[in-house]
Amino acid sequence: MSNIVLTSDFIGSIKAHGAATTKATRSCKAIYQQAIDLGIDFTKETMSPEQLTELKSTIVLRFPADAQKILKLGAAKADGRIAADHDGSRFNSQGKAKNWNYWSNRITRIIKDYKTGLEKFQRKEARIASGGNQTRTLPERLNEELNALYNAVIGADTDKLPDNFEVDTVLQNFQALAKSAGFTLVRKAK
């Protein structure tokens, strides 16, 4: 039993965080539904260069003011300047500076996350529309995750793998598992 008393501020923060998380989930769903309605998938195949530029400039608005300034300057003029994140950190978990490259890559990552999120949303909606529920079935989960592992092993740098890691044996075992589960492993193009 604990003698710690939960303050009303703490409880209020938990409630606020819950409300913000719910709001974010709902807004993501709205974004994905609007993307479907507009026929876009967050790639250059469905969005013009001008639209992608506008999307990127909108994403930048969620960054701290110093990061926005660095991005406006461009890589050359930013000259290695660092901008602290919202939490005050100036370096990422690997110790790399949050400079122009970091913030520029973050924009790209957010767009990629939107693309991936849209794909997952569409799969979930298709499952629901076909009479299923939101949760992947075991065969669906095996298919997706085994394919990801299969391609990770194919793309792995063999020099960095342990000496006892037999790539061919692992790939054969993945293929046998896929066959027994009733799906085919697909090698992704590079």
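The values are calculated or read from the model by the stated rules, or taken from the named source; none is laboratory data. Keep in mind it's a predicted model, so treat the numbers as computed, not measured. Cβ atoms come from the backbone with ideal geometry, glycine included; neighbour counts cover every protein chain shown.
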**Request:** Determine which member of the set 118, 142, 185, 149 is in the same structural domain as residue 34 (by TED's automatic domain parsing), surrounded by 11 or more Cβ atoms within 10 Å (Cβ to Cβ) and either touching a strand residue (DSSP E or B) at 6+ places or on another chain (Cβ under 8 Å) or hydrophobic (A, V, I, L, M, F, W, C) (or both).
**Result:** 118
**Request:** Would you please name the residue that is nearest to residue 141 (Cα to Cα), looking only at residues in the range 171-185 that are within 27 Å of the chain's Cα centre (by Cα), part of a helix (DSSP H, G or I) and aliphatic (A, V, I, L, M)?
**Result:** 178
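Here's the yes/no breakdown for (1) without any contact (Cβ under 8 Å) to a residue 24 or more places away in the chain; (2) surrounded by 10 or more Cβ atoms within 10 Å (Cβ to Cβ); (3) not in a loop (DSSP other than H, G, I, E, B):
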| site | (1), (2), (3) |
| --- | --- |
| 5 | yes, no, no |
| 14 | yes, yes, yes |
| 19 | yes, yes, yes |
| 22 | yes, yes, yes |
| 26 | yes, yes, yes |
| 34 | yes, yes, yes |
| 40 | yes, yes, no |
**Request:** Would you kindly identify the helices (runs of 4 or more DSSP H) lying entirely within the range 47-146 that contain at least 1 residues that are under 23 Å from residue 183 (Cβ atoms)?
**Result:** 100-129
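Yes/no per residue for (1) over 30 Å from residue 34 (Cα atoms); (2) in contact (Cβ under 8 Å) with a residue 12 or more places away in the chain:
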| site | (1), (2) |
| --- | --- |
| 98 | yes, yes |
| 107 | no, yes |
| 129 | no, no |
| 137 | no, no |
| 149 | yes, yes |
| 180 | yes, no |
